[in-house]
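For reference, the structure is listed below as structure tokens.
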Amino acid sequence: MIGIIFDIDGTLADVRDISHHLTGEVQDFDLYHDLSRNVPPVEWVAEAARNVYSSGSDVILVTSRKRRYV
């Protein structure tokens with residue numbers, strides 16, 4: 001069985017509108033992760049993941065988030 005790996009933040013999830021919470025002098029990781037629950041997908045990546053899954057392959061989602069934000 002073939003599996004394809006997709007990262008979540010910035011790849012599958014479009015976090016452009018909330019990424020400013022992670023940069024600059026004041027960083028709010030809690031707010032960023034709360035807001036990330038409602039970001040839209042990057043549609044072409046989501047479509048690729050659906051196609052992979054529909055073809056019978058595994059879709060593996062990964063993140064570098066700390067455990068408390070997963």
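The values are calculated or read from the model by the stated rules, or taken from the named source; none is laboratory data. Since the model is a prediction, treat every value here as computed from it, not as a measurement. Heads up, the Cβs are rebuilt from the backbone with ideal geometry, glycines too, and the neighbour counts pull from every protein chain shown. Protein only, heavy atoms only, side chains kept; ligands, DNA and RNA dropped before computing areas. Shrake-Rupley method; radii C 1.70, N 1.55, O 1.52, S 1.80 Å.
Of note:
- Residues satisfying the stated conditions in the range 25-70, i.e. of a type in the set (Phe, Trp, Tyr) and open to solvent by 80 Å² or more (accessible area, probe 1.4 Å): PHE29, TRP44, TYR53
- Taking the listed residues ARG65, ARG50, ARG37, the one that is charged (D, E, K, R), in a loop (DSSP other than H, G, I, E, B) and on the phi < 0 side of the Ramachandran plot is ARG65, with no other qualifying.
- Candidate set from the range 1-18 (those that are more than 12 Å from the chain's Cα centre (by Cα) and outside any loop (DSSP other than H, G, I, E, B)); member that is surrounded by the fewest Cβ atoms within 10 Å (Cβ to Cβ): GLY3
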